[in-house]
Amino acid sequence: MKRITIYDVAKEADVSLATVSRVINGSEVVREDTRIKVQEAIEKLGYKPNAIAQGLALQKTTTIALIVPEASFFYTGQIINGLIDVAKIYKYNIVLHTTTEGITEMNDIIETIIKSRVDGVVIFNDKLCKDELNTLTRYQVPIVVIGNRMSDETIGSVYVDYAKLIYEFAAQYLEKGITDIALIEDRKNPAMLKQLNDGLQHAMEDKGLTFDNFVEIPKEYRSSYLYLKEYFKTHKHQLVITYRDSQAMAVLNSAKENGLMIPDDMEVVCILDSKYNAMARPQITGFKIPDYDLGAVAMRVMTKMLKEDDEVIDKEIELSYIYTPRQSTK
């Protein structure tokens, strides 16, 4: 049987979530006819208020929990800065929590955080899917996800559409007749690689072609470099795409060690640009992702979700990117 939530009550009574919350918690600012309408909806649906949610409604803490996977620290500095800067403006405190894959379960840490009475939760984790977040809606606490496109009554998201990014980029090369495009597997970021793979397949299909140059890194190899050093002895592509800077450098070095000149023999692009791409020789082309804005906009979405009014807000915010050509492309 489907669990009845506060959102069902709000829909049945045709009022806002804030109004239902005020009725449940005995607020005197609700009109009597509205109160009766909400109470009738509660009785009709058999809604049982969540004890944790009631406690949160009664005692705001002005505290937002930020959950970041330990493995993502290198890329999250500016995201955290953006989030904290906006949080200061709205006088919210940020409490940082980390998860370690295989050790700490995401659902467990979120339940612990919510029971500690935070007002909302921001999650930076591009591996999360909508099904995994469904269990979190029972807490009736606003959640903003950075990195995935998803939304619900209590869930918002801020993201970059990497599938669209790679589609638009590959389409330009295909227009020039460059069809031998390869994508290097990144075992640390399977969800992101799926987006890139989907975008490349879409671009190829639009030209009547098939994308079949997904370069998998065998499990017996501890690093991409060790495998690519062997791979480029017998393979060469017109364009090689990687997700992270370390893999782009692995391609750069292993290709040069096998006599391939970059970019004359093979062009290299790194999706997630970093300062290290500009330090490589040749400098590596990449895409500037608005990391600071991801954090700042996520916190702004959170503040809107926490407001007790009937404002309709966009809970899926897509941010753009900047293509940064360097010496590894022609």
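What follows is calculated from the coordinates using simple rules that are stated; it is not laboratory data. Since the model is a prediction, treat every value here as computed from it, not as a measurement. Using ideal geometry, Cβ is built from the backbone for each residue, glycine included, and neighbour counts are taken over all protein chains shown.
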Just order 245-252, 317-324, 116-123 by mean Cβ neighbour count inside 10 Å, highest at the front, would you? 245-252, 116-123, 317-324
Along region 12-20, what does the Karplus equation 6.51 cos²θ - 1.76 cosθ + 1.60 (θ = phi - 60°) give for ³J(HN,Hα), rounded to whole Hz, x for Gly and Pro? 4, 8, 6, 9, 7, 4, 4, 5, 4
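Ranked highest first by average number of other Cβ atoms within 10 Å, how do 286-296, 88-98, 188-198, 154-164 line up? Let's see the in-between values first.
Working: 286-296: 20.5, 88-98: 13.9, 188-198: 17.5, 154-164: 22.2.
Top of the packing list down: 154-164, 286-296, 188-198, 88-98.
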Using θ = phi - 60° and the Karplus curve 6.51 cos²θ - 1.76 cosθ + 1.60, what whole-Hz ³J(HN,Hα) does each residue of region 181-191 get, with Gly and Pro shown as x? 10, 10, 10, 8, 5, 10, 5, 7, 9, x, 5
Please list, ordered by chain and number, the residues whose modelled amide H lies under 5 Å from the amide H of N25; skip anything fewer than 5 residues away on the same chain. none
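Among the trypsin sites (Lys or Arg not before Pro) within region 222-287, which fall in a DSSP loop and have no more than 13 other Cβ atoms within 10 Å of their own Cβ? Please report the intermediate quantities before stating the final value.
Numbers: sites: R222, K229, K233, K236, R244, K256, K275; in loops: R222, K233, K236, R244.
Of the trypsin sites (Lys or Arg not before Pro), the ones in loops of region 222-287 whose Cβ has at most 13 other Cβ atoms within 10 Å are R222, K233.
Report, in listed order, any pair from K91/K304; K164/K304; K11/K44; K37/K315; K229/K275; K164/K207 with a Cα-Cα distance greater than 19 Å. Mind dumping the intermediate values first?
Numbers: K91/K304 14 Å; K164/K304 27 Å; K11/K44 12 Å; K37/K315 28 Å; K229/K275 24 Å; K164/K207 16 Å.
Cα-Cα > 19 Å for K164/K304; K37/K315; K229/K275; rest within.
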For K288, what charge total do you get from the other residues with a beta carbon under 13 Å from its beta carbon, if Lys and Arg give +1 and Asp and Glu give -1? -2
Going by a ≥ b ≥ c, the root eigenvalues of the Cα gyration tensor, does region 162-288 fall in the rounded group (a/c under 1.5), the prolate group (a/b larger than b/c) or the oblate group? rounded
